[in-house]
Amino acid sequence: MPNLLMHKIGKVSFLVAFILMVMGMGVSWGQIYVNQFTGASACPTNGNTPTMASNSTGTAVTRSTVTCSSTANVFNSTTLNITSSISNTSYIEFSATANSGFILNLTSISFFRQGSNSAPNQMEVRYSTDGFSSSTTWGSAPITPTSGTTATWDFTDFSTGNGGTVTFRIYPYGTTRCDLGSTASSTTGTFRVDDVTINGTVTSSATPTIALSSPTLVAAGNVNQGTTSHILSNFQAEVTVANATLNSIAVVTGGTYTTNSHVSNYKLMYNATSNTFGTATQIGTTQSS
């Protein structure tokens with residue numbers, strides 16, 4: 001459980017001791033969906049089963065209009081769109097769904113992609129949380145190389161609703177070949193993806209319960225001039241039911257003291273295990289008063 005400490009450095013004429021300590025629960029980011037297509041060459045593609053984060057489910061990667069090209073250990077497709085415009089019916093699709101009582105918190109997606117020499121080299125990626133009644137477009141997806149590299153779309157973080165679903169579609173298209181040759185792209189070219197990953201977390205949709213307490217109070221009293229690194233106050237915030245993220249703290253001081261000329265600065269300190277100043281880390285910027 002993390003802790004926050006508030007201390008000051010500088011000279012104080014008189015100060016009623018005030019302390020700040022917070023204990024809370026944060027969120028660590030990880031992977032919601034990973035699909036790596038391990039298996040022998042076949043159609044439909046072998047190993048097309050995603051590994052999912054707890055409290056979520058995911059679909060296999062599917063095709064619309066494009067067709068399977070039998071290749072081991074990757075999701076390979078042919079019969080590609082070789083026009084200069086995106087076709088809303090020609091894509092590769094996958095999705096993740098939160099269990100009831102949970103939400104998906106999404107930060108990015110990544111996937112390996114590679115084109116054969118004659119495959120079209122343009123690509124678009126979109127996601128939707130309403131079955132593509134509306135969608136968000138990457139808009140600046142990189143072209144597809146013949147050597148193969150990982151593409152990462154670091155979109156603005158967002159969360160689904162309770163039990164919500166997010167669906168992604170990859171649209172390979174274009175008249176230019178992946179090998180940048182002088183002839184036009186061909187529908188017989190192939191576009192392969194692998195290591196399809198949705199990054200983020202799955203968390204409870206419940207409202208967190210936060211209990212404030214002051215297990216170790218600092219007694220009120222004088223603080224002598226010239227005192228430095230003095231802990232003024234502390235408190236603990238224990239989070240249960242669901243994760244919570246600490247984003248602001250308001251502090252009201254009491255007693256008699258002179259700011260500016262007598263107080264150099266205040267710092268808010270955070271300790272993940274105890275109310276010990278020596279191993280604490282500062283949060284935010286130093287305040288002059």
Any chance you could count how many residues in the range 36-58 are in contact with a Gly (Cβ under 8 Å, 6 or more places away or on another chain) and hydroxyl-bearing (Ser, Thr, Tyr)?
2
Among the residues in the range 195-218, are any closer than 22 Å to residue 71 by Cβ, touching a residue at least 12 places away in the same chain (Cβ under 8 Å) and not charged (D, E, K, R)?
yes
Scanning the range 77-101 residue by residue, those surrounded by fewer than 22 Cβ atoms within 10 Å (Cβ to Cβ) and either of a type in the set (Phe, Trp, Tyr) or assigned to a strand (DSSP E or B) (or both) turn out to be 78, 93, 97
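So if I check each of 107, 137, which one is over 24 Å from residue 163 (Cβ atoms) and of a type in the set (Val, Ile, Thr)? Steps first, answer last, please.
Details: 107 fails: over 24 Å from residue 163 (Cβ atoms).
Only one candidate qualifies: 137.
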Condition check: under 22 Å from residue 108 (Cβ atoms), in a strand (DSSP E or B), in contact (Cβ under 8 Å) with a residue 24 or more places away in the chain and in contact with a strand residue (DSSP E or B) (Cβ under 6 Å, 6 or more places away or on another chain). Does residue 170 satisfy that?
yes
Count, please, the residues in the range 47-70 that happen to be assigned to a loop (DSSP other than H, G, I, E, B), more than 29 Å from the chain's Cα centre (by Cα) and either free of Cβ contacts under 8 Å to residues at least 40 places away in the same chain or loosely packed, with under 13 Cβ neighbours inside 10 Å (or both).
2
Looking at 158, 235, which is the one that is exposed (fewer than 15 other Cβ atoms within 10 Å of the Cβ) and hydrophobic (A, V, I, L, M, F, W, C)?
158
Quick check, is residue 163 out of contact with any helix residue (DSSP H, G or I) (no Cβ under 6 Å at 6 or more places or on another chain), part of a loop (DSSP other than H, G, I, E, B) and modelled with pLDDT of 95 or more?
yes
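Condition test on residue 73, is it surrounded by fewer than 17 Cβ atoms within 10 Å (Cβ to Cβ), at pLDDT 95 or above, part of a loop (DSSP other than H, G, I, E, B) and on the phi > 0 side of the Ramachandran plot? It would help to see each step written out before you state the result.
Details: surrounded by fewer than 17 Cβ atoms within 10 Å (Cβ to Cβ): yes; at pLDDT 95 or above: yes; part of a loop (DSSP other than H, G, I, E, B): yes; on the phi > 0 side of the Ramachandran plot: yes.
Against the criterion (surrounded by fewer than 17 Cβ atoms within 10 Å (Cβ to Cβ), at pLDDT 95 or above, part of a loop (DSSP other than H, G, I, E, B) and on the phi > 0 side of the Ramachandran plot), residue 73 qualifies.
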Quick test for you: out of 206, 242, pick the one residue that is modelled with pLDDT under 70, under 30 Å from residue 153 (Cβ atoms) and among the small types (Gly, Ala, Ser).
242
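Can you name the residue in the range 174-214 that is touching a Pro at 6+ places or on another chain (Cβ under 6 Å) and not in a loop (DSSP other than H, G, I, E, B) and, of all such residues, is farthest from residue 73 (Cα to Cα)?
The first filter runs over the range 174-214 and keeps only residues touching a Pro at 6+ places or on another chain (Cβ under 6 Å), leaving 174, 185, 191.
Checking the rest, the ones that are also not in a loop (DSSP other than H, G, I, E, B) come to 174, 191.
Values: 174: 26, 191: 14 Å.
Within the range 174-214, the match that is farthest from residue 73 (Cα to Cα) is 174.
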Quick check on my filter: what residues within the range 72-92 are within 24 Å of residue 37 (Cβ to Cβ) and among the β-branched types (Val, Ile, Thr)?
74, 78, 79, 89, 92
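The rows are residues; the columns are (1) over 25 Å from residue 70 (Cα atoms); (2) crowded, with 16+ Cβ neighbours inside 10 Å; (3) over 18 Å from the mean Cα position of the chain (by Cα).
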| site | (1), (2), (3) |
| --- | --- |
| 113 | no, yes, yes |
| 132 | yes, no, yes |
| 144 | no, yes, yes |
| 153 | yes, yes, no |
| 182 | yes, no, yes |
| 189 | no, yes, yes |
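The values are calculated or read from the model by the stated rules, or taken from the named source; none is laboratory data. Computed from a predicted structure; not experimentally measured. Note that each Cβ is placed from the backbone with ideal geometry, even for glycine, and that neighbours are counted across all protein chains shown.
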